[in-house]
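*Asks:* This structure is in C-alpha cells; I'll ask about it shortly.
The values are calculated or read from the model by the stated rules, or taken from the named source; none is laboratory data. If you're wondering where the values come from, they're calculated on a predicted model, not measured in any experiment. No Cβ is skipped: glycine too gets one built from the backbone with ideal geometry, and neighbour counts run over all protein chains shown. Ligands, DNA and RNA are stripped out before the accessible areas are found, and what is left, the full protein with its side chains, is counted by its heavy atoms. Shrake-Rupley method; radii C 1.70, N 1.55, O 1.52, S 1.80 Å.
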Amino acid sequence: MRLEIITPEQVIFDGEISRVQFPGNSGSFEVLRNHAPMIATVKEGAIKVVNTNGETQEFQTSAGFVEVRDNQVTALV
C-alpha cells in the first residue's frame, strides 16, 4: 500500500507501507491493505506509519484530510 503525507509546503512522506494510524476527529483509526474507499478528517496528533520492514515512523499533525482508495492513502495535513 502506498502512503503520501502532503503539507502546504512539501511532501513529507511518500512510500510503501504495511499500515498507518491516524488521529481521526471521531477517534483514532487504522488503514490496512485493501481498506474500503473513504475520506476522513484528522485532528491534532500523531500519524503512526509502519513500513514494510515493520519499522515505525511518527509524524505530528495539526489537522487535515485523508483519502483511501485502491491501496493508495493520501493525507493532506
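*Asks:* Which residues, counting only those in segment 59-74, are over 10 Å from the mean Cα position of the chain (by Cα) and either open to solvent by 100 Å² or more (accessible area, probe 1.4 Å) or under 12 Å from residue 5 (Cβ atoms) (or both)?
*Replies:* 60, 61, 64, 69, 70
*Asks:* Pull up segment 30-58, narrow it to residues that are in contact (Cβ under 8 Å) with a residue 40 or more places away in the chain and open to solvent by less than 40 Å² (accessible area, probe 1.4 Å), then point me to the one that is farthest from residue 9 (Cα to Cα).
*Replies:* The qualifying residue farthest from residue 9 (Cα to Cα) is 31.
*Asks:* Quick test of your reading of the structure: residue 26 fulfils all but one of (1) at pLDDT 95 or above; (2) touching a strand residue (DSSP E or B) at 6+ places or on another chain (Cβ under 9 Å). Name the failing condition by number.
*Replies:* For residue 26, the failing item is (1).
*Asks:* Determine, yes or no, whether residue 27 is surrounded by fewer than 17 Cβ atoms within 10 Å (Cβ to Cβ) and either touching a Lys or Arg at 6+ places or on another chain (Cβ under 6 Å) or not hydroxyl-bearing (Ser, Thr, Tyr) (or both).
*Replies:* Judged against the criteria, residue 27 is a match.
*Asks:* Give me the pairs: first residue in segment 5-24 and touching a residue at least 24 places away in the same chain (Cβ under 8 Å) and among the basic types (Lys, Arg), second residue in a strand (DSSP E or B) and open to solvent by less than 20 Å² (accessible area, probe 1.4 Å), beta-carbon distance under 7 Å, and six or more apart or on different chains, which are they?
*Replies:* What qualifies is 19/31; 19/50.
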